[in-house]
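The structure under discussion appears below in the form of C-alpha cells.
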Amino acid sequence: MAGFKALRPVDNFYQTLMFFPMPVDYGYRDSKNLRYHRHKRMIPELLPQRQTALESVRYAAKRLQTDVKFTDAALEKLVKVPRIFLPSALKGCVKWAEENGVKVIDVKEMDIINDKRAKEKGK
C-alpha cells in the first residue's frame, strides 16, 4: 500500500487549478422557457408560443373515424387545447355525443360538454 501513496491527488487540488473565464453556454429547456447562462446564474428566455391552427384541430377530428361530426365553430373552442391532449379531448366529446345521440357537435353542445367537465373538475 505504500506505493499507492504517491498516486493520491494533491490536497486542495481543485483550489489550486486556475481557469480563465471561457465563453461556454449551458442550456436547459423546460415546457415554457429556455434557460441558459454563460458563467454565473441561469437566465430564462421565453420560448415562442405556437398557436394551433383550426386546420390541425379539424385534421385531428377527422382522424377519429366516427359518425359524429364537428362544426368549425365548435373546433374553434378546442384551438387552445395543447396538442398532446387534443385527441383525448376530442374522444371525450365524441363519447358524450354518442351517449346523448348527437350527430353534429356545435357550439351549444361544446358549452354543455365544458360545463359538465367543469362540474367534474370541481368535485
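The values are calculated or read from the model by the stated rules, or taken from the named source; none is laboratory data. Given the structure is predicted, the values throughout are model-derived calculations rather than measurements. Using ideal geometry, Cβ is built from the backbone for each residue, glycine included, and neighbour counts are taken over all protein chains shown.
Of the residues examined, Ile84 is not one that is surrounded by 11 or more Cβ atoms within 10 Å (Cβ to Cβ) and outside any loop (DSSP other than H, G, I, E, B). Of the residues examined, Val94 is not one that is modelled with pLDDT under 90 and surrounded by 16 or more Cβ atoms within 10 Å (Cβ to Cβ).
What are the residues in region 100-123 that are in a helix (DSSP H, G or I) and either more than 25 Å from the chain's Cα centre (by Cα) or surrounded by fewer than 12 Cβ atoms within 10 Å (Cβ to Cβ) (or both), if any? Listed by number, the residues that qualify are Asn100, Val107, Lys108, Glu109, Ile112, Asp115, Ala118, Lys119, Glu120, Lys121, Gly122.
Remark: Ala6 falls outside the filter, which requires a residue to be within 23 Å of the chain's Cα centre (by Cα), part of a helix (DSSP H, G or I), exposed (fewer than 10 other Cβ atoms within 10 Å of the Cβ) and modelled with pLDDT under 90.
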